[in-house]
Each structure stands twice: as C-alpha cells, then as structure tokens.
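Notes for the one structure printed next.
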Amino acid sequence: MLFPQSTYVERRRRLRELVGNGLIVLFGNNDSPLNYPANAYKFRQDSSFLYFFGQKRDGLVGVIDADSGEEILVGDEIDIDDIVWYGSVQSVKAMAAESGMGSSAPMSRLAELVSEARAKGRAVHFLPPYRHDTQIQIMDLLGIHPSKQREGASTALIDAVVQLRLVKSEEEIEELERAAAIGYKMHTAAMRLCRPGVTEQYIGGVLDGIASAYGCLPSFQSIVSMHGEILHGYPSPRPLEAGRLLLCDAGAETINNYCSDHTRTTPISGRYTQRQKDIYNIVVDAHDLALTAARPGVRWWDVHMAVCRLITERLKDLGLMRGDTDEAVRAGAHALFLPHGLGHAMGMDVHDMEGLGQIHVGYDAETRPSSQFGLASLRFARRLEVGHVVTDEPGIYFIPDLIDLWRREGTNAEFLCFDEIEKFKDFGGVRIEDDVLITPTGCRFLGKERIPYHVPEVEEYLAAHADQSPIVF
Ligand code: GLY
Ligand code: MN
Ligand code: MN
C-alpha cells in the first residue's frame, strides 16, 4: 500500500461519519479485456477504491457499514492457474488486515450483505459506475438497470468522497510532484523530437513510453497534433511540417496512480513566426494571470472569467474581436476561440472524480454551472481551498467549422471580426497547461522543473537541444 494503514483507516472513519448511515459499497475495478478475455488492458484500480482501501488487485469490493462501523473486504481468492501464469498475490484476508479492515469475505457473500441491509430498509450507497461490468454487478445486487444507476447513485456518498478527495494531503502532493517530474521528462523529450519529418505518432509513442517507463500509464490518451485546434487531436502518422505548431497535451500517472497533465505548443521550425507569437503570447499571459489570481477564497470561476477578459482584450488589439470586453465575455463571444474551461481538478484521476459528476466535483451551492457554449465546459468553478489541485490550461483555437457556423448564423457577430478571423483559419491552436496547487498564501505550479513555455525560453531550449534527440530513430 502507498500510505500507512492509519491513513486508510482514518479516511474510512471520516467517510462513515460524513455518510452517516447505511451500507457503503465501493466497487474496485475488474480486469478489462482488449480483444479476448486473457488479453486485458493494463489493470487500473478505481481511484475511490484505492483512496479508501489502498489495494490494487482486481475483483475486490469494499463494504463499510456506516452505522456499526463494520468493514469487510470482499473478493475471491486467486486459484492455482492464476498463480502459475501471473504469480502469487496476498490472500483477500491478508489484504483486509493490511488495510486495517475487520474481516474479509468471498464474492458470494456480497449479495447476502446487500439483501440483509435492504430487508431492514437500510440505504445501500454506491457511486455512479463508469464500467459496464460494474453496472452488471450493481444490476445483479440491486436490480437497478444501468440506465438508471447514475440517478440511483448515492448523493451523500458522492458528496462525502468529493469532500475528502478534493483536498490533497502533503503525502498526496509528494506523489503529484512525482507525476509532474515524469511529465517534465515527457514534454522535454517531445520538444527535443519536434522537428520537420518526425511523425506525430512517433512523438506520441515516446511520450507514452516515458510515462510507462517511469510510472504506471499515461494519465490519459496523449494528444499530439499539428491541428491544435482539435481539442483532443490524437497523433497521426503524418510527418511534422516546417513552419507549423505542434500541440502536445500529455501526462503521467505515477506507479501509485497520481496524475500530471501538461500541454506545450512548440514551433516545429524552432522559432515562432510573428503571427504565431501574437497568439501564443496571449495564451502565455493568460496562463500566468491564473497564477497571480488563484488563492484560497477565490472562485476558479472568477479566474476563468479574468482569463476570458484578457483573451478578449488582446484579440481586440489584434483586430479579431471588437466591442465592450465585459459584454463580449458575458455573451460568450470569446468561446469561439476558447471553447473549454480554464481547468479541472486533478488528483488520482486526471479529471479528478469526473465520473462522480462534474456538478458535484466542480460546483457547489454557491457556484452553479452554466449551459452557455464554452462556459458549460468549465469543469471546476468552486471557491479554492488550500490543498486543491487544478489545471491552468488556457488556449486559443481557430476551428474552421466553428468559425463558418458562427459566421453563417451570425452568432456574436457584433463582437467578432469575421473577415479578419477568416485569415487565421489555417493557424491551428495553442494551449499551455500546468498543474497548480493552492497554498495558504496563493498557489504554485507542481513540478520542480518548469517545462519551458515563454517564447525566449522555448526557442532557446529548442536551439540548445536540436541535436539531442532522446532516442535514435
Ligand atoms: N485531457 C485533456 C485535458 O484536460 O487537458
Ligand atoms: Mn491536458
Ligand atoms: Mn487538463
């Protein structure tokens, strides 16, 4: 286990206290086949299961009785075939003892535990499932069809899990620092490889390889594309072209499943053109603005809005927008260029706890979500607290289909200079992303070494490392 037993015991004690009553059932993940049962994806434990029990084996379920305090680790023992092929692992009983739980039981006992609780009219709390096999487990146990399980999930449990997981402890921050250090290796390797002729796919492969070599996995599918305007543009076998920008958005998960998430947008020829600098420097300033604004007590919503105003002002200077800045931002006109939010919570999930529902994680009674295009994609908006970890990832994109659509429909036409915007349709997109920890006095980036992002540093780094590809290909 990553942390001492007492950490998991205390987390579960607080969970019981917050949920108050009923039977809490937390499902671990099962092995997930790729193309036939024995050929599985690399196993990834469910983050909440890992947070409360610390155990990484597949096929486990944790049961916590919030009334009596009884805790049972449920799972079947592996058999001799498993041992022959994959080696021996701890027994379920030994894992339960290691996690500080009173008892263990085989999977057949789970249905009885749930039935007994229901027969007494007690609540059975579960989190919204995101894997089909877990949905089948819940359907078998509770008779709830998968299509109704999201609404059947326990809000009390979701809120309690969010409250606990959102604030990172010192030990968790150390782990996030490790993830950021791997992210530094990944992104500086991508920058050293970024030159005409190398393929997006090759760079993506190197990024993924570094994430796996130093940690568990990439924290999400790596985004590597000359088409930075495609927000999630996955790498293609296309060779990089001189004069264009390459957007790399990638992160690592440590071996203990804490994440990083960084984006850099690198000039393939080694230097930004003046036009690229005009746009890129707006994103740099937006990125830096977030660092000066974020501190405990400030809403991330307001930081996002400050960034939107800065982008609007500067696009007005370039002749791409016009009109009153506040009105333009209120109308959502800037979302033509920034159709996503400034950032999201990050932790054991790269979009931390997104599976529990954005409204529960990023919003609260005070800060409610918007349905406006762009703002609706702000995944985190609530008031910042010490120990929150959020990504700071502004961007500016020129999405030809979106430009055409808004122009055709006259969307926000009073704030948008479409004739000028047309000239940028071949530009692509820029995003810069780092991970930010909220501290008592403000905030700081995670990661000791900064992946270069200011124009002079990037160009210097590229010039200094032009002949130092991390891998001979
Ligand atoms: N997975 C892309 C991002 O949130 O940065
Ligand atoms: Mn990212
Ligand atoms: Mn991100």
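The values are calculated or read from the model by the stated rules, or taken from the named source; none is laboratory data. Being a predicted model, the structure only gives us computed values, none of them experimental. Cβ sites come from the backbone with ideal geometry, for glycine too, and all protein chains shown count toward neighbours. Accessible surface areas use protein heavy atoms only, side chains included; no ligands, DNA or RNA. Shrake-Rupley method; radii C 1.70, N 1.55, O 1.52, S 1.80 Å.
Any chance the range 148-156 includes a residue that's within 20 Å of R44 (Cα to Cα), touching a residue at least 40 places away in the same chain (Cβ under 8 Å) and crowded, with 16+ Cβ neighbours inside 10 Å?
Filtering the range 148-156 down to residues within 20 Å of R44 (Cα to Cα) leaves none.
No, the range 148-156 contains no residue that is within 20 Å of R44 (Cα to Cα), touching a residue at least 40 places away in the same chain (Cβ under 8 Å) and crowded, with 16+ Cβ neighbours inside 10 Å.
Which residue pairs have Cβ atoms under 9 Å apart, sit 6 or more places apart or on different chains, and have a first residue in the range 227-242 that is among the polar types (S, T, N, Q) and a second that is open to solvent by 90 Å² or more (accessible area, probe 1.4 Å)?
S236/Q201
Any idea which residue in the range 422-438 is farthest from ligand 2 (Cβ to nearest atom), counting only those that are touching a residue at least 60 places away in the same chain (Cβ under 8 Å) and more than 16 Å from G395 (Cα to Cα)?
In the first step, residues of the range 422-438 are kept if they are touching a residue at least 60 places away in the same chain (Cβ under 8 Å); the result is 424, 427-438.
Keeping just the survivors that are more than 16 Å from G395 (Cα to Cα) gives 436-438.
On the way: V436: 13, L437: 16, I438: 19 Å.
The residue in question is I438.
Please verify whether A211 is of a type outside the set (F, W, Y), out of contact with any Ser or Thr (no Cβ under 9 Å at 6 or more places or on another chain), part of a helix (DSSP H, G or I) and farther than 24 Å from K423 by Cβ, treating the condition exactly as stated.
no
If you scan the range 166-197, which residues turn out to be assigned to a helix (DSSP H, G or I), of a type in the set (K, R) and touching a strand residue (DSSP E or B) at 6+ places or on another chain (Cβ under 7 Å)?
Narrowing the range 166-197 to residues assigned to a helix (DSSP H, G or I): 166, 170-193.
If we keep only those that are of a type in the set (K, R) as well, we get 178, 185, 192.
Correct list: empty.
Among what's in the range 428-448 and is part of a loop (DSSP other than H, G, I, E, B) and within 21 Å of the chain's Cα centre (by Cα), pick the residue that is nearest to V283 (Cα to Cα). Give the steps one after another, and end with the answer.
First pass over the range 428-448, keeping only residues part of a loop (DSSP other than H, G, I, E, B): 428, 432, 439-442, 446-448.
Filter once more, so that each one left must be within 21 Å of the chain's Cα centre (by Cα): 432, 439, 446-448.
Numbers: I432: 7, T439: 24, L446: 19, G447: 20, K448: 22 Å.
This residue is I432.
Run down L247, L289, L193 and say which single residue is in contact (Cβ under 8 Å) with a residue 12 or more places away in the chain and either within 16 Å of ligand 3 (Cβ to nearest atom) or under 13 Å from E433 (Cβ atoms) (or both). Working first, answer last.
Working: L289 fails: either within 16 Å of ligand 3 (Cβ to nearest atom) or under 13 Å from E433 (Cβ atoms) (or both); L193 fails: either within 16 Å of ligand 3 (Cβ to nearest atom) or under 13 Å from E433 (Cβ atoms) (or both).
Only one candidate passes the filter, namely L247.
Which residues, taken from the range 113-148, are part of a helix (DSSP H, G or I) and under 21 Å from N21 (Cβ atoms)?
Quick first cut of the range 113-148, residues part of a helix (DSSP H, G or I) only: 113-119, 132-142, 146-148.
L113, V114, S115, E116, A117, R118, A119, I138, L141, L142 - these are the residues of the range 113-148 that are part of a helix (DSSP H, G or I) and under 21 Å from N21 (Cβ atoms).
Kindly list the number of the only condition in (1) among the aromatic types (F, W, Y); (2) open to solvent by 20 Å² or more (accessible area, probe 1.4 Å); (3) under 27 Å from the mean Cα position of the chain (by Cα) that fails for Y51.
(2)
Out of V206, V283, report the one residue that is within 16 Å of ligand 3 (Cβ to nearest atom) and at negative phi.
On the way: V206 fails: within 16 Å of ligand 3 (Cβ to nearest atom).
After ruling out the rest, the residue left standing is V283.
Mind checking which helices (runs of 4 or more DSSP H) fall wholly inside the range 257-372 and carry at least 1 residues that are within 30 Å of A156 (Cβ to Cβ) and open to solvent by less than 50 Å² (accessible area, probe 1.4 Å)? Give the steps one after another, and end with the answer.
On the way: elements: 274-293, 300-317, 325-331, 358-361.
Answer list for the range 257-372: 300-317, 358-361.
Every residue, every condition in (1) part of a strand (DSSP E or B); (2) touching a Phe, Trp or Tyr at 6+ places or on another chain (Cβ under 6 Å); (3) touching a residue at least 12 places away in the same chain (Cβ under 8 Å), yes or no:
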| position | (1), (2), (3) |
| --- | --- |
| R44 | no, no, yes |
| S48 | no, no, yes |
| D58 | no, yes, yes |
| I64 | yes, no, yes |
| S68 | no, no, no |
| L73 | yes, no, yes |
| I78 | no, no, no |
| I83 | no, no, no |
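Return the residue satisfying two criteria in turn: it lies in the range 262-276 and is over 28 Å from the mean Cα position of the chain (by Cα) and not aromatic (F, W, Y), and of such residues it is farthest from ligand 1 (Cβ to nearest atom).
The selected residue is Q274.
Filter the range 116-133 down to the residues that are surrounded by 13 or more Cβ atoms within 10 Å (Cβ to Cβ) and among the small types (G, A, S), then identify the one that is nearest to L15 (Cα to Cα). Let's see the steps before the verdict.
Filtering the range 116-133 down to residues surrounded by 13 or more Cβ atoms within 10 Å (Cβ to Cβ) leaves 117-118, 122-131, 133.
Retained after the next criterion (residues that are among the small types (G, A, S)): 117, 123.
On the way: A117: 18, A123: 15 Å.
Once the filter is applied, the top-ranked residue is A123.
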